[in-house]
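Take a look at the structure below.
The values are calculated or read from the model by the stated rules, or taken from the named source; none is laboratory data. Predicted model only: the values in this text are computed from it and were never measured. Using ideal geometry, Cβ is built from the backbone for each residue, glycine included, and neighbour counts are taken over all protein chains shown.
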């Protein structure tokens, strides 16, 4: 801009000297051109990590109409500042590309905030006390709902244990007139009281087929634990949330995402009613986070409807995209539902289960491919990962040389023979580093030391073989906190900072790899790397401003990092108070 002003001055001097009035239109055009370059927003006076390998660290960024128009030094970018420009002073703070939640459950995040939060309890008695308090505040007959308990994380073991789980008697004693349904932290098991089982018609004669389990004691009496798909026996009797509650959950999810620096959210499996909520939020201008939506494969009619019309890309200025399908191959390690090649160490004779048949996985993969959809499959156990890779491979062999970017969600435990297959096939492991922090202390009791070392949470082995890893939290399984997941990625420790050196430290990510997994890699995994994921000219002005430089501060200080600003489309949608 300084060059233009200099040229204008020179032309003006020539005009005054020669009185060539015809030069004035040229001056006017140059002035108009300058005005067009004035930025709506300039962010400066800080350290900005762009995740652009050719220009990795800059001082300032200029934004206009929701997109980045200039990146560089503060001196250069200052030329875009005009009278109406909003100038954001980083005060020597740190900015990174807007964080992308690579795998979570958006409405689950909102609804979890409306139910009992069981993530903080330390034992079964705490759970019972929390429910008893809720019963006192509720009318008889009203359902008590909660989520977040995890028996393997409790500091003490209940007196009665059946197949690794507590039984319902204590819970039922404090809630005789209220049905209670408490979802496991993983979402792959549920705990019901006697009243809920009575309403649902559950008795000693009740059984469940493939893909689920009603846990029973030695007398054949249901214990209240319903594993995997058997959860539906209870959950289908929970009253459907009203539209007002759904809207509230949506708003809570938007706010929680912004407070955690998340500008985009990849939503792992939704149905028709949820899509309607998202469209309504977009229409009312309440959708402040960009959503990349995976259609649930649990509703075949929904898939058929979308096969007819094909993917929806970039609705509302790229705030809503629906172009992928979510399959579910197995359960979770916490509920012993993950499908393994060999027995669980702490439950001999049990290998978990497939929650959808491999025939169905192949069918949806093949049909989805033909209709232009990305296919993303939940697989945690080593057998589930192998089986899904086999189905994918069959589809790829029938349709070679296509940029499919199919994913395996979680890829938590992989047989060593299958690790190289991800890169060889171009399959993206969409992993959640925070699961290592939360699960590793007890997961070794499920898998044993050899399987843990050879194939569990093997980020480095996957990356070294050429795979592109996406990061996330799987919220509401874990809190929607990308800073915690970043810490887990680079430390491989619990959030309490143990053990020294981390679990299997040879599998750590570098800080730059961890940052990429939450930004450009996640964008790539949604076919969006050309519009987001790095701070480059032409991309959306989606940024996360941090209180500390997570790339250089001591590892122990990373968890103290706060979100200062969350900027989406060039608008400050969240600012810390």
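Counting only residues that are crowded, with 20+ Cβ neighbours inside 10 Å and either assigned to a strand (DSSP E or B) or touching a strand residue (DSSP E or B) at 6+ places or on another chain (Cβ under 7 Å) (or both), segment 269-286 holds 3 of them.
Scanning segment 175-213 for residues that are outside any loop (DSSP other than H, G, I, E, B) and over 27 Å from residue 153 (Cα atoms) yields 198, 199.
If you check 172, 152 for being under 28 Å from the mean Cα position of the chain (by Cα), in a helix (DSSP H, G or I) and either more than 19 Å from residue 334 (Cα to Cα) or in contact (Cβ under 8 Å) with a residue 60 or more places away in the chain (or both), only one passes: 152.
Going through (1) assigned to a loop (DSSP other than H, G, I, E, B); (2) touching a helix residue (DSSP H, G or I) at 6+ places or on another chain (Cβ under 6 Å); (3) within 23 Å of residue 53 (Cα to Cα) one by one, residue 503 falls short only on (3). Out of 220, 224, one residue alone is on the phi > 0 side of the Ramachandran plot, assigned to a loop (DSSP other than H, G, I, E, B) and either surrounded by fewer than 20 Cβ atoms within 10 Å (Cβ to Cβ) or modelled with pLDDT of 95 or more (or both). It is 220. Is it the case that some residue within segment 406-419 is on the phi > 0 side of the Ramachandran plot, touching a strand residue (DSSP E or B) at 6+ places or on another chain (Cβ under 7 Å) and surrounded by 24 or more Cβ atoms within 10 Å (Cβ to Cβ)? Yes: one or more hits. When residue 333 is tested against (1) crowded, with 16+ Cβ neighbours inside 10 Å; (2) farther than 19 Å from residue 101 by Cα; (3) out of contact with any helix residue (DSSP H, G or I) (no Cβ under 6 Å at 6 or more places or on another chain), just one condition goes unmet, and that condition is (3). Please list, ordered by first then second residue, the pairs with beta carbon atoms under 6 Å, 6 or more apart or interchain, first in segment 251-280 and in contact (Cβ under 8 Å) with a residue 12 or more places away in the chain, second part of a helix (DSSP H, G or I) and surrounded by fewer than 24 Cβ atoms within 10 Å (Cβ to Cβ). So the pair list comes out as 272/302; 274/107; 277/246; 277/250.
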